[in-house]
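Q: There's a structure below that I have some questions on.
The values are calculated or read from the model by the stated rules, or taken from the named source; none is laboratory data. These numbers come from a predicted model, not from an experiment. We place every Cβ from the backbone using ideal geometry, glycine too, and count neighbours over all the protein chains shown. Ligands, DNA and RNA are excluded from the accessible area calculation, which covers all protein heavy atoms including side chains. Shrake-Rupley method; radii C 1.70, N 1.55, O 1.52, S 1.80 Å.
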Amino acid sequence: MTVCTTLGTPLGELLLVGEPAGDGVTLTSLSMPGQKNAPDVSSVQRRDPRPFAEVARQLEAYFAGELATFDLAFTCEGTEFQRQVWAALDDIPYGTTVSYGAVAARIGASASAVRAVATAIGANPLLVVRPCHRVIRSNGELSGYAGGPERKQRLLDLENSHRSA
């Protein structure tokens, strides 16, 4: 039975969705309400913040600059290619950025696959936790963040101001 809740953060409200697991959840989505690709939770029968206590604690620590790496149970459905791209995102260090081309190279994709990599990154169901905000254009410009470019910049600024976290 899927469970969900919302959490107020410096980025605005986040929508957390997961499957119950013990006292907590296995996170399946972390999004902003109304964003492209956000899950439709209108049919979710259980809205309860309690199973998300650890997720909330870690997000609060992250936004306070006290946590650089999340340690959460999560699962995401996607194609093999998407899962490869998402795994590459997990390896981008806190406070750094890489280009879409660098992500393509990390998974062994050709330079012509950059657009497909960008599409896979855009389908990332775990904003913030899986750091798609750390991927930028090769010329240094921000682009393609489901939460909007201003939120992407805020996350990058947060990480750059707390690099020793």
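Q: In segment 139-162, whose amide N lies under 19 Å from the spot 7 Å out along Cα-to-Cβ of residue 111? List them in ranges.
A: Answer for segment 139-162: 139-141.
Q: In addition: Taking only C-alpha pairs under 8 Å that are 6+ residues apart, what is the relative contact order of segment 91-165 in percent?
A: Working: 64 pairs, mean separation 27.5, N = 75.
Relative contact order, segment 91-165: 37 percent.
Q: How much accessible surface area, in Å² rounded to 10, belongs to the heavy atoms of residue 23 with a 1.4 Å probe?
A: 150
Q: Under a 10 Å cutoff between Cα atoms, tell me which one of 21, 56, 109 has the largest fluctuation in the Gaussian network model of the chain.
A: Evaluated over the chain, the most mobile residue of the options is 21.
Q: Further question on the same structure: How much accessible area per residue does the chain have, in Å², with a 1.4 Å probe? Write down the numbers at each step before the final one.
A: On the way: 8220 Å² over 165 residues.
I get 50 Å² per residue for the chain.
Q: Then there's this: What's the magnitude of the charge dipole for the chain around its Cα centre, counting Lys and Arg as +1 and Asp and Glu as -1 at the beta-carbon? Answer in Debye, nearest 20. Intermediate results must be reported in sequence, preceding the final value.
A: On the way: 15 positive and 17 negative charges, 83 e Å.
It comes to approximately 400 debye.
Q: Taking the Cα centre of segment 80-162 as origin and charging only Cβ (+1 Lys, Arg; -1 Asp, Glu), how large is the dipole, in debye to the nearest 20?
A: Numbers: 9 positive and 7 negative charges, 26 e Å.
Computed charge dipole of segment 80-162: roughly 120 debye.
Q: In a GNM of the chain with a 10 Å cut-off on Cα contacts, which of 80, 54, 66 has the highest mean-square fluctuation?
A: Checking each option, the largest mean-square fluctuation is seen for 80.
Q: Grab the beta carbon distance between residue 35 and residue 66, set R0 = 30 Å, and tell me the FRET efficiency rounded to 0.05.
A: Values: r = 26 Å, r/R0 = 0.87.
That gives a FRET efficiency of 0.70.
Q: Run the dipole for segment 55-108 about the Cα centre, Lys and Arg Cβ at +1, Asp and Glu Cβ at -1, nothing else charged, and hand back the magnitude in debye, nearest 20.
A: On the way: 3 positive and 7 negative charges, 26 e Å.
Computed about the Cα centre, the dipole is about 120 debye.
Q: Gap in Å between the Cα centre of segment 93-126 and the Cα centre of segment 50-85?
A: Distance between centres, Cα-based: 19 Å.
Q: What figure, in Å² to the nearest 10, do you get for the accessible area of residue 79 with a 1.4 Å probe and non-protein molecules left out?
A: Its heavy atoms expose roughly 80 Å² to the probe.
Q: Here is a follow-up. Could you please put 57, 83, 151 in sequence from largest to smallest accessible area, using a 1.4 Å probe? Write down the numbers at each step before the final one.
A: Working: 57 125, 83 105, 151 70 Å².
The ranking, largest first, comes out as 57, 83, 151.
Q: Quick one: what are the phi-derived ³J(HN,Hα) couplings along segment 65-80, Karplus 6.51/-1.76/1.60 with θ = phi - 60°, whole Hz, x for glycine and proline?
A: So the J values, rounded to whole Hz, are x, 9, 9, 9, 10, 7, 10, 10, 7, 8, 9, 9, 8, x, 6, 4.
Q: I've got another one for you. For the chain, modelled as a Gaussian network with Cα springs under 10 Å, which listed residue fluctuates most, 135, 98, 44?
A: 44
Q: Three principal axis extents, largest first, for the C-alpha atoms of segment 3-64, in Å?
A: 33, 30, 14
Q: Would you compute, for the Cα atoms of segment 63-152, the largest minus smallest coordinate along each principal axis and list the three values in descending order, in whole Å?
A: For segment 63-152, the Cα spread along each principal axis is 38, 30, 21 Å.
Q: Quick one: 3J(HN,Hα) in Hz for segment 134-150, Karplus 6.51/-1.76/1.60 with θ = phi - 60°, rounded, Gly and Pro as x.
A: 7, 9, 10, 5, 5, 8, x, 6, 7, 6, x, 10, 4, x, x, x, 5
Q: Just one of [x] 74, 33, 28; [y] 48, 30, 29; [z] 44, 35, 26 is Cα extents along the principal axes in Å calculated from these coordinates, so which is it?
A: [z]
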